[in-house]
1. Which residues, taken from region 131-163, are in contact with a helix residue (DSSP H, G or I) (Cβ under 7 Å, 6 or more places away or on another chain) and either hydrophobic (A, V, I, L, M, F, W, C) or outside the structural domain of Gly74 (by TED's automatic domain parsing) (or both)?
2. Given the structure, is Ala60 small (Gly, Ala, Ser), surrounded by fewer than 21 Cβ atoms within 10 Å (Cβ to Cβ), at negative phi and under 23 Å from the mean Cα position of the chain (by Cα)?
3. Search region 158-177 for residues that are β-branched (Val, Ile, Thr) and pair each with any residue that is assigned to a loop (DSSP other than H, G, I, E, B) and modelled with pLDDT of 95 or more when their beta-carbon atoms are under 9 Å apart and the residues are at least 6 apart or on different chains.
4. Has region 490-507 got at least one residue that is surrounded by 12 or more Cβ atoms within 10 Å (Cβ to Cβ), charged (D, E, K, R) and either touching a helix residue (DSSP H, G or I) at 6+ places or on another chain (Cβ under 8 Å) or at pLDDT below 95 (or both)?
5. Residue check: is Val356 under 30 Å from Thr449 (Cβ atoms), in the same structural domain as Phe327 (by TED's automatic domain parsing) and of a type in the set (A, V, I, L, M)?
6. Please state which one of Ile101, Ile79 is within 24 Å of Glu38 (Cβ to Cβ) and either surrounded by 18 or more Cβ atoms within 10 Å (Cβ to Cβ) or β-branched (Val, Ile, Thr) (or both).
7. Restrict the check to region 197-205 and report whether at least one residue is assigned to a helix (DSSP H, G or I), touching a residue at least 60 places away in the same chain (Cβ under 8 Å) and touching a Gly at 6+ places or on another chain (Cβ under 9 Å).
8. Residue pairs, Cβ under 9 Å, 6 or more apart or interchain, first in region 296-318 and in the same structural domain as Gln281 (by TED's automatic domain parsing) and basic (Lys, Arg), second surrounded by 15 or more Cβ atoms within 10 Å (Cβ to Cβ) and assigned to a helix (DSSP H, G or I). List them.
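The values are calculated or read from the model by the stated rules, or taken from the named source; none is laboratory data. None of these values were measured; they are calculated from a predicted model. FYI the Cβ positions are ideal-geometry reconstructions off the backbone, even for glycines, and counts take in every protein chain you see.
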Amino acid sequence: MPPAIILSTLNAKYIHASLGLRYLLANMARHGGDELREQTVLCEFTIARPVQEIVDALLAELGQPGGGRPQIIGFGVYIWNVVVTTEVVRRLKQARPDLKIVVGGPEVSYEWDAQEIVRLADHLITGWGDVSFPKLCRALLRGPQPLMKVIPGEQPALADIALPYAEFSADDLAHRLLYVEASRGCPFKCEFCLSSLDKTAWAFEADRFLAALETLHERGARNFKFVDRTFNLKIDSSLTILQFFLDRLTPDLFLHFEVIPDHLPERLKDMIARFPPGVLQFEVGIQTFNPEVQQAISRRQDNEKTSENLAWLVNHSHAHLHTDLIFGLPGETLASFAAGFDRLYALRPHEIQLGVLKRLRGTPIARHTAAHGMIYDLEPPYTVRQTSVVDARTVERFTRLARYWDLVANSGRFVQILPILLAGSSPFNAFLAFADWLWQSTAQTSRLTPEMLLDSLFDYLTGVVGMEKEGVRQMLLADYQSSGARANPICLQGLLKNREKPSPRAARALVQRQERHAGVGK
């Protein structure tokens, strides 16, 4: 029999397995009954898949209409998939007007009244859906019919939520990154983040969560991405989880955590130092080092302690550090951002991820719009286009710089030449000059191969900066060989003869980028 309920979303990439959908699936039985769970299936897609293919696949899963029972599709809607999901819903309703479409997720939980996808849908659940979605499905299938189109999501105690981890398939465990959470919510009030709307952070009961992790591990799971906004908020919990993985340490284990940068007590440092290379990856949100901007956006951060902790992590641990900065915050000038970047770069984190501010629906950052002249794109992802202290042309320059920075610096392909490129009083301004030149030379921010970048670096450093050619060529040769690339850049012609064929490598894709950074900052 065809399913009565389909849970669906469009992920950014195949490697991402939706945690939210699996929560809903796990809770269909707990809050709707076993019969409801048995009638529910999961259908995930990626945003790269053609819309009509998604529609056809969903309709095929539903089978022919008839039998007198309603059928429901619930969509998880996010900033990255709302445009495509809206078109999917439109075509589904055209093909099957009788379908009940339910939408939920962060993109439709706030400022939803003018959204096209909400107009097309039959119901919207705002906020948490773990309990409210099964209850709505039960009402749609069994009655009485719900009277409200917009349903505020019920927030139960975490003990009343079924954990989703049994819903990860064997294929998920083998090929995808598993999202897990030891807690929900965030006590901090950074105004650019939806988590600022939370009253606090809530932790799942430790033994229950660890038992679920143990089952996943026994099934073969080795890649875990914790989505907790504040993994190191409560140190006892952090230590318990890290000890769990230390006791099960294997060469293929990979753990990702988001950590608070100014909260790293000694006992947590001691635990982190016990992990070998390639296991720990920390996402460290710096966002800005400007105290006035921090105060304006309600961000509490001890900058001195943050710098001290980053220096310790770089010099005394094997954790791979992804540090984040946001451009376009209220009151942040290009010069003050450059000063913050230079301060962060001097600490030598493995990667500096450069983002441009986005006005997420519902976030308090909107209160600065008039006072700071904030102008945002009207379409997702609602990127800032200019502010009172940063004009549109500067935002465009920075956007290009961020793309080039990811290709050149964060890729780990140019470890030797990067410090030469960034030499001088301001690494940021040095890279900005290169980014401006690269844009003028190529007019491209995509389809730039490692070989094109390498030749561009050679041309810039020798032709614009005026460095000696052979010295630059030898550094680029070393970088190119260590990166594992196998083509023939123009500037290295004649230097790459008699290369051995690459031998098979067992390195996992998730840590290959880390391996290229090996030794940086040590």
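1. The answer is Val131, Phe133, Cys137, Ile151, Ile161, Ala162, Leu163.
2. no
3. Ile161/Trp128; Ile161/Asp130; Ile161/Val131; Ile161/Phe204
4. Among the residues of region 490-507, not one is surrounded by 12 or more Cβ atoms within 10 Å (Cβ to Cβ), charged (D, E, K, R) and either touching a helix residue (DSSP H, G or I) at 6+ places or on another chain (Cβ under 8 Å) or at pLDDT below 95 (or both), which makes the answer no.
5. yes
6. The conditions single out Ile101.
7. Within region 197-205 (the criterion being assigned to a helix (DSSP H, G or I), touching a residue at least 60 places away in the same chain (Cβ under 8 Å) and touching a Gly at 6+ places or on another chain (Cβ under 9 Å)), the answer is yes, since at least one residue qualifies.
8. Once the first residue is in the same structural domain as Gln281 (by TED's automatic domain parsing) and basic (Lys, Arg) and sits in region 296-318, its partners that are surrounded by 15 or more Cβ atoms within 10 Å (Cβ to Cβ) and assigned to a helix (DSSP H, G or I) give Arg299/Val293; Arg300/Gln294.
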